[in-house]
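Since the structure comes first, as structure tokens, the remarks are kept for the end.
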Amino acid sequence: MNFDGEDLSHKALADRLPPDEPHVFRDCDLTEADLWGASLAGARFESCVLEQTDFRKADLDGAVFTGGGGMRTRFNDADLIDVTFTDVDLSSAQFGGALLTDASFTGCRMIGASLTASRGTGFKIARSNLTLANLGGCSLRGEVVEGVRFDDADLSGCDFTEATFSDCRFIGTRLLNTKFAKADLRGADLGEPDDAKLRAFAGAVINQTQANAILAARGITVL
């Protein structure tokens, strides 16, 4: 079922979508649309407005989102296995309880997004802005994370064991009980090297410049 350029804002859509066929939404306005519990496996959302769209408990396995987006989109308790988000504005989006196994976020604006209490074995993220986001308890174990801004984000309880970070920033990031064992942080901006952050980075690999900055912050000069 195809929707092209339609104004679907504030409408209840779940009952309009046949469960056994693909759905394509292209350039649609889905502001505050109700897709609670909808069958949207394999659906495509291309350049759609997703302002406060309600995807709670929806089946979005294998769905593709490209462009568009909006504030406070709700994905709570949705199935998002193998879903891909590319260049989507997901600011303040809610993913609590969502199943995110093998989901991927690329080039996304995720300022203030909440992924804490999401489920699954992990997801991928690249070239995205997660300033002020909450990823508490999420796992990116063994992932390659490139071009991600974690400024002022809450990464408490996250598992980054053996992950590799390239062109990432951890300025003002909360790292309570975060695991970086064997993680490669040589390509990351670690921000202010305070004691709490250094405890979180225990077991990680850093470069000489980063080590010198940490020591210099403690009044130690390396010659």
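The values are calculated or read from the model by the stated rules, or taken from the named source; none is laboratory data. Predicted model, so just to flag it, every value in this text is computed and none were measured. Cβ coordinates were reconstructed from backbone atoms using ideal geometry, including for glycine residues, and neighbour counts include every protein chain displayed. Only protein heavy atoms, including side chains, enter the accessible area calculation; ligands, DNA and RNA are left aside. Shrake-Rupley method; radii C 1.70, N 1.55, O 1.52, S 1.80 Å.
Checked against the criteria, G203 does not count as open to solvent by less than 40 Å² (accessible area, probe 1.4 Å), part of a loop (DSSP other than H, G, I, E, B) and either at pLDDT 90 or above or under 16 Å from V148 (Cβ atoms) (or both).
Any residue at all in the range 164-186 that's open to solvent by 30 Å² or more (accessible area, probe 1.4 Å), within 12 Å of the chain's Cα centre (by Cα) and either hydroxyl-bearing (S, T, Y) or within 20 Å of G67 (Cα to Cα) (or both)? Scanning the range 164-186, I find no residue that is open to solvent by 30 Å² or more (accessible area, probe 1.4 Å), within 12 Å of the chain's Cα centre (by Cα) and either hydroxyl-bearing (S, T, Y) or within 20 Å of G67 (Cα to Cα) (or both), so the answer is no. If you take the residues of the range 78-130 that are part of a loop (DSSP other than H, G, I, E, B), within 18 Å of E51 (Cβ to Cβ) and polar (S, T, N, Q), which of them is least open to solvent (accessible area, probe 1.4 Å)? Among those residues, the one meeting the criterion is S91.
Among the residues of the range 37-60, the ones that are assigned to a loop (DSSP other than H, G, I, E, B) and surrounded by 20 or more Cβ atoms within 10 Å (Cβ to Cβ) come to 9 in all. Counting only residues that are open to solvent by 60 Å² or more (accessible area, probe 1.4 Å), among the hydrophobic types (A, V, I, L, M, F, W, C) and not in a loop (DSSP other than H, G, I, E, B), the range 20-36 holds 0 of them.
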